[in-house]
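What follows is a single structure, written as structure tokens, with notes after it.
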Amino acid sequence: MTIGIGGSHASEQLALLHSMCGDMPSIPKSEYLQRQAKACELMKQQAISALYLNAGTNLYYFTGLKWSASERMVGALLCANGELHYIAPHFEQNSLKDFWLIEAPLHSWHEHQSPYQLFAQLVQQQQLNGAIGIDPSAAFFLVDGLTKANNNIHFVNGDTITQACRSQKSANEIALMQRAKDMTMAVQKAAAKILRPGICSSEVVDFINQAHQRVGASGSSFCIVLFGIASSYPHGVKQPQILQDNDWVLIDTGCLLEGYNSDITRSYAFGEASQQQQQAWLSEQKAQLAAFNAAKIGAPCAAVDAAARRSLEADGYGPNYALPGLPHRTGHGCGLDIHESPYLVAGDNTPLAEGMVFSNEPMLVIPEQFGVRLEDHFYMSANGPVWFTQPSPSLNDPFGYQIK
């Protein structure tokens, strides 16, 4: 049996897990204010008079207010002069004030009234001239409503501001993501130990959700558990699978810590791996390392993807997106959203810069047989890439128990 796989059960492994995040501080108020200041400076450079932040990760990133997007308009208008104004339904005022970190004027509307007209009144009161950026994650109905009620305003995509701020993480953000990934790695190891012939993939998913709660997360942000042929489908199949001796296993999971994501994948055999699986696993390992080594400060994101594909093509896979080979991008940015720009993919020529965080997962798919995905994240330091978690060292010891 592969080292670290099987031999235990769920209750035993859950008992061994404990909270790993009690000593982690939250992002301080001062950092949110610094983010707002940077956004304001970017607005001035781009002749944008204000930025609308909709409920969700952008509102949270710039104000510290956690609020989920819905059919009702809830958000904030950050003006280029530094003023902040919240917009929310009248009946949510007390709740919003309970959740907010940064106090600011709150403009409210009743259910029969139009929040878009309220937005127009706010713009007029603030005497905003010039374009207004809209949160790129805002739903179409909201953008449509704002546009129709404010036909004298030129709305633009606020992505040039939000991405420029969010793509480079602070030391506090890096620390939170490091701990979140450490938590998920502990859960990955525990999940591997509960595997046994006859276990259902849904049972493993349930265990992983409980395990993430044990280590202090609010729960799994997602979980993919695949056995056998199902592992050749990058994001899984609709039917649960039952584990059998010598099945191939792929587990992709992550959690949230203070809103920041982890995302780690491991692939290994439950028993003996075939020669084809051994060779494919080594090719995947080489491609992941090639991608990491290509991540240089100032190099385009696309160069990282290209390096992984060259490595796989040298072993006879591909080319490009052809199968057997790598059917998707090599990696994605990660932070408050599990997938966020920039991306490690051809065509994304964003220069790699200090503080950027990426997944590194050049999955190798052998159609209708199996798939190998080794996924770890790295961040860009001033001197180059740094792993959050160490890559899987070998197929026989996927979690490095024998490494000293």
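The values are calculated or read from the model by the stated rules, or taken from the named source; none is laboratory data. None of the values given here were measured: they were computed from a predicted structure. Ideal geometry is used to build each Cβ from the backbone, glycine not excepted, and the neighbour counts take in all protein chains shown. Ligands, DNA and RNA are stripped out before the accessible areas are found, and what is left, the full protein with its side chains, is counted by its heavy atoms. Shrake-Rupley method; radii C 1.70, N 1.55, O 1.52, S 1.80 Å.
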Working only within the range 236-252, note down all residues that are of a type outside the set (A, V, I, L, M) and within 22 Å of Phe399 (Cα to Cα). Gln244, Asp245, Asn246, Asp247, Trp248, Asp252
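May I ask you to say which residue of Ala55, Ala88, Ala80, Ala76 is in contact with a Cys (Cβ under 6 Å, 6 or more places away or on another chain) and surrounded by 19 or more Cβ atoms within 10 Å (Cβ to Cβ)? If you could, list the steps in order and put the result at the bottom.
Details: Ala55 fails: in contact with a Cys (Cβ under 6 Å, 6 or more places away or on another chain); Ala88 fails: in contact with a Cys (Cβ under 6 Å, 6 or more places away or on another chain); Ala76 fails: in contact with a Cys (Cβ under 6 Å, 6 or more places away or on another chain).
Selected residue: Ala80, the only one of Ala55, Ala88, Ala80, Ala76 that is in contact with a Cys (Cβ under 6 Å, 6 or more places away or on another chain) and surrounded by 19 or more Cβ atoms within 10 Å (Cβ to Cβ).
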Determine, yes or no, whether Gln244 is over 26 Å from Pro385 (Cβ atoms) and either open to solvent by 30 Å² or more (accessible area, probe 1.4 Å) or β-branched (Val, Ile, Thr) (or both). yes
Out of everything in the range 186-199 that is part of a helix (DSSP H, G or I) and open to solvent by 10 Å² or more (accessible area, probe 1.4 Å), what residue ends up being farthest from Ile5 (Cα to Cα)? Ala186
For the range 252-277, name all the residues that are assigned to a strand (DSSP E or B) and more than 17 Å from Ala190 (Cα to Cα). Leu256, Leu257, Tyr260, Asn261
By my count, strands (runs of 3 or more DSSP E) wholly in the range 64-172 with at least 2 residues that are in contact with a Phe, Trp or Tyr (Cβ under 6 Å, 6 or more places away or on another chain) are 75-79, 131-134
Residue pairs qualifying under the 8 Å Cβ cut-off, at least six apart or on distinct chains, with the first in the range 385-404 being modelled with pLDDT under 95 and the second being assigned to a loop (DSSP other than H, G, I, E, B) and surrounded by fewer than 17 Cβ atoms within 10 Å (Cβ to Cβ), are Gln402/Ile3; Ile403/Pro393; Ile403/Asp397
Are there any pairs with C-beta distances below 9 angstrom linking a residue in the range 32-56 that is without any contact (Cβ under 8 Å) to a residue 12 or more places away in the chain to a residue that is part of a loop (DSSP other than H, G, I, E, B), with the two at least 6 apart or on different chains, and if so which? Gln34/Ser170; Glu41/Ala80
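It is to be established whether one or more residues within the range 146-154 are closer than 30 Å to Gly6 by Cα, of a type outside the set (S, T, N, Q) and open to solvent by 10 Å² or more (accessible area, probe 1.4 Å). Working first, answer last.
Kept after step one, since they are closer than 30 Å to Gly6 by Cα, are these residues of the range 146-154: none.
No, the range 146-154 has no match at all.
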Checked pairs for the range 61-87, first under 22 Å from Ser26 (Cα atoms), second of a type in the set (Phe, Trp, Tyr) and in a loop (DSSP other than H, G, I, E, B), C-beta under 6 Å and 6 or more apart or across chains, list as Leu65/Trp100
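Mind counting the residues in the range 314-325 that are part of a loop (DSSP other than H, G, I, E, B), in contact (Cβ under 8 Å) with a residue 12 or more places away in the chain and in contact with a Pro (Cβ under 9 Å, 6 or more places away or on another chain)?
Initial filter on the range 314-325 (part of a loop (DSSP other than H, G, I, E, B)): 315-324.
Checking the rest, the ones that are also in contact (Cβ under 8 Å) with a residue 12 or more places away in the chain come to 315, 317, 323-324.
Among the residues that remain, those that are also in contact with a Pro (Cβ under 9 Å, 6 or more places away or on another chain) are: 317, 323-324.
Matching residues across the range 314-325 total 3.
Suppose the filter is in contact with a His (Cβ under 7 Å, 6 or more places away or on another chain), closer than 27 Å to Gly64 by Cα, crowded, with 17+ Cβ neighbours inside 10 Å and at pLDDT 95 or above; does Ala131 pass it?
Numbers: in contact with a His (Cβ under 7 Å, 6 or more places away or on another chain): yes; closer than 27 Å to Gly64 by Cα: yes; crowded, with 17+ Cβ neighbours inside 10 Å: yes; at pLDDT 95 or above: yes.
Judged against the criteria, Ala131 is a match.
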Filtered residues of the range 311-335 (kept if within 30 Å of Leu257 (Cα to Cα) and of a type in the set (S, T, N, Q)): Thr330
If you take the residues in the range 200-229 that are outside any loop (DSSP other than H, G, I, E, B), modelled with pLDDT under 95 and not hydrophobic (A, V, I, L, M, F, W, C), which one is nearest to Gly271 (Cα to Cα)? Ser220
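Which ones in the range 27-45 are open to solvent by 70 Å² or more (accessible area, probe 1.4 Å) and under 28 Å from the mean Cα position of the chain (by Cα)? Before the answer, list the steps.
Initially, the range 27-45 is screened for residues open to solvent by 70 Å² or more (accessible area, probe 1.4 Å), giving 29, 33-34, 38, 41, 44-45.
Matches in the range 27-45: Lys29, Leu33, Gln34, Lys38, Glu41.
For (1) within 29 Å of Gln279 (Cα to Cα); (2) among the aliphatic types (A, V, I, L, M); (3) in a strand (DSSP E or B), each residue gets a yes or a no:
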site: Pro327; (1), (2), (3): yes, no, no
site: Asp337; (1), (2), (3): no, no, no
site: Pro342; (1), (2), (3): no, no, yes
site: Gly347; (1), (2), (3): no, no, no
site: Glu354; (1), (2), (3): no, no, no
site: Ser359; (1), (2), (3): yes, no, yes
site: Pro362; (1), (2), (3): yes, no, no
site: Val365; (1), (2), (3): yes, yes, yes
Do the conditions hold for Ser114, that is, is it more than 15 Å from Leu142 (Cα to Cα), surrounded by fewer than 17 Cβ atoms within 10 Å (Cβ to Cβ), modelled with pLDDT of 95 or more and not aliphatic (A, V, I, L, M)? no
